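Since the structure comes first, as structure tokens, the remarks are kept for the end.
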Amino acid sequence: MFLVGKIYSFLAFYGYLPSKFEPINGSLKPQYNTLIELTMKVGILTYHYSDNYGAVLQAYALSNILNNNGHDAQIINLIPKKSLKIRLGKFFKQKFLTYNFTAFRKNHLKTHPSKTLFYPDLENYDFTIYDAVVVGSDQVWRKSFTGGLGYSYFLDFVPEGVKRISYAASFGLDRYEGNEEDVKVIRELLKRFDLITTREMSGVEVCKNLFDADAHCVLDPVLLNSAVFNDLMGENASGGFVTQYLLDPSPKKLAFLKRASEHLKLPIKINYKQSGKPIGISSLFLERSKQTFPPVSSWLSGIAHSQLIVTDSFHGVAFSILFQKQFVCVFNKARGKTRMSNLLGLLGLEHVGIDENDLQNLDVTQLKPIDYAEVSPKLEKLREHSLGLLLNALK
């Protein structure tokens, strides 16, 4: 390490490397003086395996932001071990319908080990290769989503001497779904964390009131810096359009979308699979073209170049804000209203959130435009707070 420090100093002296890392666009660069202080090998545990735009992009964002700040970050390739029937269904789904997510993971996510880890394999893997393990972001603390991974997302497998950090971990709801035994175990596991951060203020309250743990509310990693997505962006779409990104399309949502499209005199672009039907066996044969998910780059462009986004997705909201777009957020109670209402509240955007049952009474001609001149300073302050907590914990 002494030799590494000398080499770094030599390169910095002759101008090939900065002698001090300065803040760039939201304090993305920590102010460390030497490579020895700067570099940590970081494992990230998250839902990178999920065939979902938000899931893969938040994993991409967090790993890239850590790497851009001098750390060596990689995603721990842990997934739930499902039954043979479910694994076969997943295989055919990824082969014919969700292959764009598989390609994105292969091309853009640095995972380790290359061979997939299943829950029983954890005890046979040496996690001392990491200086720190970060769990998050996404709904990693929502029990119904963890797929039989036990307390892995509370880092029960991480050995002593390795830092434990949660970044923007979410319970998904304004409560924890587990039972009393879960609470007892998790309370003890959280005592071993060096830093606890959650994505929602409700998560801070759950940590405090249920687990006796101090936590901080931070931004989802996709909101930390739009520049990390520059290399992923698809071609600029010609002309204007209204983007439909609805995970759960319904007659009320679609009727509002049609009214908005007619008012703006713009066509509707479906930024998701074309069919709103659940994926089944028929999807592989009869409706394959309608059930195929667009590439991640196309999805990003569908948000970035839209005139108006109508979405019931947390990450649909997050990317609309990131790209400073006009949008309407339809609260999705089944998937967790708290996640979206918390983000809107932090940025003073409560007026763009609406319950599905109120859509029929919403006059599209009276939609109040989002003033990003007011939103941007709030977002920048939250970025500095969020990045500061994470990067200081990795010193």
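The values are calculated or read from the model by the stated rules, or taken from the named source; none is laboratory data. This is a predicted model, so every value here is computed, not measured. Cβ placement follows ideal geometry from the backbone for every residue including glycine, while neighbour counts extend to all protein chains displayed. The protein model used for the area step is the full one, side chains on, heavy atoms only, and it has no ligands, DNA or RNA in it. Shrake-Rupley method; radii C 1.70, N 1.55, O 1.52, S 1.80 Å.
At least 2 residues being in contact with a Leu (Cβ under 9 Å, 6 or more places away or on another chain) and β-branched (Val, Ile, Thr) is the threshold, and among the strands (runs of 3 or more DSSP E) wholly inside region 96-173 those reaching it are 132-135. Residue count for region 351-367 under the criterion of being under 18 Å from Phe323 (Cα atoms) and not β-branched (Val, Ile, Thr): the result is 1. Within region 98-127, the set of residues being hydroxyl-bearing (Ser, Thr, Tyr) and out of contact with any Asp or Glu (no Cβ under 9 Å at 6 or more places or on another chain) comprises Tyr99, Thr111, Ser114, Thr116, Tyr119, Tyr125. Run Ser341 past the list (1) among the polar types (S, T, N, Q); (2) open to solvent by 10 Å² or more (accessible area, probe 1.4 Å); (3) within 26 Å of Tyr47 (Cα to Cα); (4) in contact (Cβ under 8 Å) with a residue 24 or more places away in the chain and report the number of the one that doesn't hold. Going through (1) among the polar types (S, T, N, Q); (2) open to solvent by 10 Å² or more (accessible area, probe 1.4 Å); (3) within 26 Å of Tyr47 (Cα to Cα); (4) in contact (Cβ under 8 Å) with a residue 24 or more places away in the chain one by one, Ser341 breaks only (4). Restricting Leu246, Leu210, Leu264 to residues that are in contact (Cβ under 8 Å) with a residue 24 or more places away in the chain and either open to solvent by less than 20 Å² (accessible area, probe 1.4 Å) or polar (S, T, N, Q) (or both) narrows the list to Leu246. For region 355-395, the set of residues classified as among the hydroxyl-bearing types (Ser, Thr, Tyr), touching a residue at least 60 places away in the same chain (Cβ under 8 Å) and open to solvent by 20 Å² or more (accessible area, probe 1.4 Å) consists of Thr365 only. Only a single item in (1) hydroxyl-bearing (Ser, Thr, Tyr); (2) in contact (Cβ under 8 Å) with a residue 60 or more places away in the chain; (3) over 18 Å from Leu391 (Cα atoms) is not met by Tyr167, and it is number (3).
Here region 101-115 is the region considered, the condition is being of a type outside the set (A, V, I, L, M) and touching a residue at least 60 places away in the same chain (Cβ under 8 Å), and the residue that is farthest from Phe229 (Cα to Cα) is His112.
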